[in-house]
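To start, the structure under review is shown below, and the notes come after it.
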Amino acid sequence: MHTAAKIKGRKRREDMTTPRKDPEARQAIPGEWFVGSAKTPLHEYISLYKDHNAINSSHDAICGYIMKLTMRSGRKRVYLKAPQADIVVFYGISSPWAFLGMQRLRNMAEEEDVRLILRPIRIIEANGGIPLRTRPIARQAYHEMELARWSSFLNIPLNIHPRYYPCRTIEPAARMVIAAAQAKLDAAELSWVIQRALWAQDRDIADDATLESLAVEALACDGVALRRSADMPAVIDAWHKNLADAESLGVFGTPTYVVENELFWGQDRLDFIQRKIRSLKASSRSSS
């Protein structure tokens, strides 16, 4: 065993098994820690350590204890890896702006090696969100002009007046994306195919048969089964939680991207998101 994690005597073992006495040991561990010159991932080291010492204490408690013990030893046997940032996306699946930003967002997440978490919602009126068709005519006209500009600039085909927009409902499509994510399928690909169907192909994403076909196109899966799974309680609960979390975070319009609790509203903020992620990485490297 490494000196940093070697614990002798009953008193220290008792300390390890009673983390409630040490609040610091229960705190969440930032990033991913490694032990020893071989840089064994700490979560793997913990498993070996617990088995060796027959300890039933919590993972976080042992992490905290080993980190403190190591730092006190002055041996520099723990190494900190840059934490992986997440991009959480609160978006309406019928939002043209979410559609225009989706592929760039996916490419950026892959380039920066960050996780993309899709959380479909609707406009949060409690926070000041205003549905498009209730806005003044002047704002609606400008909205159309901006869509045309961005569609041309990004070279993404988009119908300014799609046949099935505004949608009769967006909830079935949104919940199917949630269901795909819960089933460990490519939810981002499914979302993109649904969004494209609405904005570039004049297809009705409020129609069950259409959604089933889109699931097959996107994921080569059983579209009927996936569409039906969107009615499962766990999926419905996730949909409502998305709405509640978006409201509590202060989200009002879509898409809103969240990185480390910082909000970025609109697909034209993607560059700022990338800067934020790179800043987090640089900061983590400098502190390790």
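Numerical summary
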quantity	calculated
Exposure proxy ranking, count of Cβ atoms within 10 Å, fewest first, for Ile273, Ile160	Ile160, Ile273
Order of Ile121, Ile205 - criterion: other Cβ atoms within 10 Å of each residue's Cβ, fewest first	Ile121, Ile205
Radius 14 Å from Cβ of Gln267, net charge of other residues (Lys, Arg +1; Asp, Glu -1)	+1
Net length gained if the chain between Glu171 and Asp245 were fully extended (0.36 nm per residue, minus Cα distance)	25.0 nm
Sum of side-chain charges, Ala188 neighbourhood, beta-carbon under 13 Å (Lys, Arg +1; Asp, Glu -1)	+3
Fully extended contour minus Cα-Cα distance, from Ala234 to Ala209, at 0.36 nm per residue	6.8 nm
Added length on full extension, which subtracts the Cα-Cα distance from 0.36 nm per residue, Tyr142 to Ile130	2.8 nm
Estimated FRET transfer efficiency (Arg115, Arg269; beta-carbon r; R0 25 Å; 0.05)	0.85
Volume per residue of the C-alpha convex hull in segment 86-278, rounded to whole Å³	114 Å³
Paramagnetic reach from Asn107 (point 7 Å along Cα→Cβ, amide N under 17 Å) across segment 134-156	150-156
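The numbers here are math on the coordinates, done by the rules we state, and not lab data. Here the structure is a predicted model, which is why all the values come from computation and not from measurement. Positions of Cβ are backbone-derived with ideal geometry, glycine not excepted, and every protein chain shown enters the neighbour counts.
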